[in-house]
Amino acid sequence: KAGVTQTPRYLIKTRGQQVTLSCSPISGHRSVSWYQQTPGQGLQFLFEYFSETQRNKGNFPGRFSGRQFSNSRSEMNVSTLELGDSALYLCASSLWTSGTGELFFGEGSRLTVL
Amino acid sequence: GQQVMQIPQYQHVQEGEDFTTYCNSSTTLSNIQWYKQRPGGHPVFLIQLVKSGEVKKQKRLTFQFGEAKKNSSLHITATQTTDVGTYFCALRGEAGGFKTIFGAGTRLFVKA
């Protein structure tokens, strides 16, 4: 069974630009969650989607948004990029939402904002 | 909101020594999960604890859930260089306010 796939793996943007990251969950998984990982802040929860609905949201500004498609693939978008948005963005899928299921993480998308 | 404190932040050990990381919450948890992230890698699920006082073992790793379900620990016996990485605890489900909350992580360094 294929794992969680995130694209692109690496990208460089400049301040003010926007970026879209993609995540394909494990087949059959309907829950997709996103995390921002930085050396200083650790793993921070961004949002979680289940059956195309955003179920939970972390404490991030409105510049961070996401969506989930009917095939469970998810995208997250960051608009008006700031230097502080440089981070590893991880996507995880699970069978259930906000339950006790384990999270399966992708390799991540490493964003650098110049 | 729900938070979990994880200590220590870093731990340097000699190969063969033991290692322990702790997660503590001010409120009762319904469950807690543990993940390992190797340098340059992504978090990988290790285990989930649900019951009060639960103890689970995976080879040299021992996981405990406190009696009051407010703390948890991961203990590694006789560390090996393959144990290097960052260990995170995570709260999921209603204990996490329907959000997934990760501890800050403990980074383990093992010197051969």
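The values are calculated or read from the model by the stated rules, or taken from the named source; none is laboratory data. What you see is a predicted model; the values in this text were computed from it and never measured. Because the Cβ atoms are built from the backbone with ideal geometry, glycine has one as well, and the counts that use them run over all protein chains shown. Quick note on the areas: whole protein, heavy atoms, side chains included, nothing else; ligands and nucleic acids left out. Shrake-Rupley method; radii C 1.70, N 1.55, O 1.52, S 1.80 Å.
Toward the positive end of the charge dipole of the protein assembly as shown, with +1 on the Cβ of Lys and Arg and -1 on the Cβ of Asp and Glu, the farthest Cα among B:Thr20, A:Ser65, A:Leu43 is that of A:Ser65.
Using alpha carbons only, how many angstrom separate the centre of the range B:12-44 from the centre of the range A:44-114? Using only Cα atoms to place each centre, the spacing works out to 23 Å.
Selection among A:Gly28, A:Gly3, A:Phe104 by position relative to the dipole of the protein assembly as shown gives A:Gly28 as farthest towards the positive end (Cβ unit charges, Cα centre). Pairs of Cα atoms in the protein assembly as shown fall into 10 Å distance bins, from 0 up to the last occupied one, in shares of 8, 33, 35, 20, 4, 0 percent. Of B:Ser52, B:Ser72, B:Ser26, the residue with the greatest mean-square motion in the GNM of chain B, using alpha carbon springs below 10 Å, is B:Ser26. Pairs exceeding 23 Å between alpha-carbon atoms, taken from A:Lys57/B:Lys69; B:Lys59/B:Lys111; B:Lys51/B:Lys111; B:Lys51/B:Lys99; B:Lys70/B:Lys99; A:Lys57/B:Lys51: A:Lys57/B:Lys69; B:Lys51/B:Lys111; A:Lys57/B:Lys51. Phi angles of the range A:81-93 translate, via the Karplus equation with coefficients 6.51, -1.76, 1.60 and θ = phi - 60°, into HN-Hα couplings of 4, 10, 4, x, 7, 4, 5, 9, 9, 10, 10, 9, 10 Hz per residue; Gly and Pro are given as x. Modelled label positions at B:Gln14 and A:Ser86, each set 7 Å beyond Cα in the direction of Cβ, lie 3.9 nm from each other. Cβ-Cβ distance of B:Thr62 and B:Phe109, R₀ of 30 Å, FRET efficiency by 1/(1 + (r/R0)^6): the value works out to about 0.90. What GluC sites (Glu not before Pro) in the range B:1-108 are in a loop by DSSP, with at most 11 other Cβ atoms within 10 Å of the Cβ? The qualifying sites are B:Glu67. Accessible surface buried by the A/B pair amounts to about 1600 Å², both sides summed, 1.4 Å probe. Scaled against 2.2 N^0.38 Å for its residue count N, the alpha carbon radius of gyration of chain B is 1.01. Surface composition of chain B: carbon plus sulfur atoms contribute 52% of the solvent-accessible area (1.4 Å probe, protein chains only, all chains present). Using a Gaussian network model of chain A in which every pair of alpha carbons under 10 angstrom is joined by a spring, one finds that among A:Gln37, A:Gln68, A:Gln17 the greatest mean-square fluctuation is at A:Gln17.
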